[in-house]
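**Student:** Right, I'll just put the structure down here and ask away after.
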């Protein structure tokens, strides 16, 4: 649900739909309601053209909204979004300075090594994790 609420296209589409609806109501009230063509005093030109432009913009944004919504519902996009948010939160967390700073209530992962700079999956380097077993898809025994 957060993905839809945060989406700019969702907000823009809703705003343009609402503006088109209000403009259409205002334009409808501005037309004369007489049936006799000889008694019509004015023919609005700008308002109907503006309304048609707003309707065209609404249709364009609706197609864009549907496309974006279908893209947001793909599982690969959802997983990538969750992973990005998780990495951002993890990066913002402070790392413990030593083993004494880690609370005892947090269980150690299987195969955890206590050597300085290493954990279950090896050492974190600028190129990734050293010690990761690519063949098995795991790092912990």
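**Student:** Suppose the filter is surrounded by 10 or more Cβ atoms within 10 Å (Cβ to Cβ), in a helix (DSSP H, G or I) and at pLDDT 85 or above; does residue 24 pass it?
**Tutor:** Judged against the criteria, residue 24 is a match.
**Student:** Looking at the structure I just gave you, is residue 70 in a helix (DSSP H, G or I) and within 14 Å of the chain's Cα centre (by Cα)?
**Tutor:** yes
**Student:** Looking only at residues in the stretch 54-83 that are in contact with a helix residue (DSSP H, G or I) (Cβ under 6 Å, 6 or more places away or on another chain) and in contact (Cβ under 8 Å) with a residue 60 or more places away in the chain, which one is surrounded by the most Cβ atoms within 10 Å (Cβ to Cβ)?
**Tutor:** By that ranking, first place goes to 68.
**Student:** Can we say residue 44 is surrounded by 10 or more Cβ atoms within 10 Å (Cβ to Cβ) and outside any helix (DSSP H, G or I)?
**Tutor:** It is true that residue 44 is surrounded by 10 or more Cβ atoms within 10 Å (Cβ to Cβ) and outside any helix (DSSP H, G or I).
The values are calculated or read from the model by the stated rules, or taken from the named source; none is laboratory data. No experiment lies behind these values; they were computed from the predicted model shown. Using ideal geometry, Cβ is built from the backbone for each residue, glycine included, and neighbour counts are taken over all protein chains shown.
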